[in-house]
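The values are calculated or read from the model by the stated rules, or taken from the named source; none is laboratory data. Keep in mind that what you see is a predicted model, and the values were worked out from it rather than measured. Cβ: placed from backbone, ideal geometry, glycine included. Neighbour counts: every protein chain shown. Remember, those area values only see protein heavy atoms, side chains included, never the ligands or the DNA or RNA. Shrake-Rupley method; radii C 1.70, N 1.55, O 1.52, S 1.80 Å.
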Amino acid sequence: MLNTAFMKEAFGSMQAIALVLDARGFVLFANPFLCALLERDEAGVLGTLWSQFCRPAQDFESCLARLQVRETSRCECRLEKENVDATQLRFQANPVVWEDGAPAVLLIGEDVTERGLMEQAVQENENLRSLVFDHTLDSLITIDQSGKVLTFNKAAEKMFGYQAADVLGRNVAMLMPNPHADRHDDYIDQYLRTGNAKIIGKGREVTARHKDGSPIPVLLNVSREAELEGEKVFVGVLRDLSKEKYVEAQLRQAQKMEAIGTLAGGIAHDFNNILGGIFGYVELMLEDAEEGSYLQDDLGEMMKACMRGKELVQQILTFSRQEQPQRKPAQLQPIIKESLKLLRATIPTTIDIQSEIDPDLGPVVIDPTQIHQVMMNLCTNAYHAMRNTGGCLQVSLKKVDYQGQIANIANALPFGCYAALRVEDTGEGMDEATRQRIYDPFFTTKRLGEGTGMGLSVVHGIVQNHEGLITVESVLGHGSVFIVYLPLKGVAAVDGERDEQPSEMGVERIFLVDDDAFLRNVQQRLLARQGYHVRLFTNGLEALEAFEDDPYGVDLVISDQTMPKMSGMEMAKVMLRRRGELPIILTTGYSDVIQPEDVTQMGVREMLMKPVPKQMMLAAIRRHLS
């Protein structure tokens, strides 16, 4: 049994809280230390309901309830005073009997305000650390000296495809490809024994392994060992470099394409001169060939091949200058048929070629040369997939009215009518990993020297630029199907190259200026057959000297633009200052210095791109002489 005298003697001078409450919660005793905290004298505290001073009151109601079963308990409360921060108190509550024989509770406690603030700060710091750990963009992985994973944050889950529960407690080698996975524990052992660090304490690029087995390029930084409960631990910070590697690959591609453009410009002039010479001699032979003979047919095919070569060179030059291709409404059927005819001559007979082409398909706004390139690339890839085993190449062209019913192009195309070019082979097919990368620039499954990996990337770009879509379906061992969708337009197709009318015979005097003897000689023969009197010059200075000797001894000048000593344009400027009405035609295989509109502004009548077919040249001559 406790009484007031005992409590004062025992707790009067103690720097701790001593408090006795009756069964209803009224104060029976409060020592001086508590009265000081309450800023009241003893008389102002005794007999007062304790819940007036503390919050939350339910803790003490729980303590009082335990008096009935004589249980000891612990509780906390806040003393709240005006204009003063709350004081946090912590008590141990013991059931006792007071001096009047009634049940009471003895509370012995202490001020834990500062300790609570420290604990709160520690908890907040822990919460912040947890927040940073789980929300940083880099993967954070902690391992012990045996390689066991101790922590695995959210970014690591996203990077590797594992949940933390799948990794914690397991060896970190599961996140590495071989041979590094097998050697990892040896790396740690060697470091702990010798201090020789290959990765620890340094940053370097390594390859990690995703849950699905695919490689992940990462930048890895591993801290030197730290101590945790007496054990050495290592913290690894991993940054996914996949996007950076993709950007680097794109940059390398851009640099390669820039180099290709530069190379194309460099060789275009000479190559077009070669094509021009072939044009000329084939045209001479055509004039001499018997009408309806096999020779005439063969020479006609050679002319088509020359024109295709000219268009392809022009396409490369257009690409290198990043200009828009020239598109016009045209029929696809002749392009597909011509491509198949060319393919049949080059693909071995072990591969059967079948075609089904809708003759009534409407016009499509296209660049014919680019669509020919699409067709050739798709069919060449199909051939490569079947060359070892043989097979069947099926090509079809038909109209498709797309209204959302084709599953694998859902939402990828606007509703409407499309020309669907389907190229199907019975070759090796592709697995999903290959199929996902087939449009990546420079990705190829061919052996070294058999391809650059640009074919399907270029096809994809051409189709997109034509507002179309390309799809692929393939199963490993069961062939592939590519379908190109191009929008049909409600416009009339324009005719192809119009037939040039036979040119009139001429008797005029022509200066022919070109540094390429092969081209110069064949053009001289073509013009001479037409009745013109032709004088040949190898450069602009020679022609200019002859012109100065007799300015009116020439009726028309045909000159190459790019020549040694003096360019065609420089020569033309001098001649036109002397004879402003003199017709001058410039020809060029490639020039990044001057454009056709610049030429006409300077007084030159016309600029023709090499190689120039005979009828085009003769028509231009008559146009400016007449």
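Using 0.36 nm per residue and subtracting the Cα-Cα separation, the extra length available between residue 625 and residue 387 on full extension is 80.1 nm. Calculated FRET efficiency, residue 349 to residue 180, Cβ-Cβ distance, R0 = 41 Å: about 0.25 to the nearest 0.05.
Counting only residues at least eight positions apart within a chain, or on another chain, the lysines with an alpha carbon under 28 Å from that of residue 243 are 154, 158, 198, 202, 211, 256, 446.
Placing pseudo-labels 7 Å out from each Cα toward the beta carbon at residue 341 and residue 80 gives an inter-label distance of 9.7 nm. Between region 324-368 and region 154-174, what's the alpha-carbon centroid distance in Å? Going from one Cα centre to the other spans 52 Å. When only the Cβ of Lys, Arg, Asp and Glu is charged (+1, +1, -1, -1), the dipole of region 516-626 relative to its Cα centre reaches about 440 debye.
Counting only protein heavy atoms and using a 1.4 Å probe, the accessible area of residue 358 comes to about 50 Å².
For region 522-588, just say rounded, prolate or oblate: build the C-alpha gyration tensor, square-root its eigenvalues into a ≥ b ≥ c, call rounded for a/c under 1.5, and beyond that prolate if a/b exceeds b/c, oblate if not. Oblate. Stretching residue 333 away from residue 295 to a fully extended chain increases their span by 11.0 nm, per 0.36 nm per residue minus the current alpha-carbon distance. Ranking of 610, 232 by solvent-accessible surface, largest first: 232, 610 (1.4 Å probe, protein heavy atoms only, all chains present).
In this calculation the C-beta distance from residue 288 to residue 581 is compared with R0 = 30 Å, giving a FRET efficiency of 0.20. Taking a ≥ b ≥ c as the square roots of the eigenvalues of the alpha carbon gyration tensor, region 349-429 is prolate, as a/c is not under 1.5 and a/b beats b/c. Gain on full extension, evaluated as 0.36 nm per residue between residue 545 and residue 574 minus their Cα-Cα distance, stands at 9.3 nm. Placing pseudo-labels 7 Å out from each Cα toward the beta carbon at residue 144 and residue 73 gives an inter-label distance of 4.1 nm.
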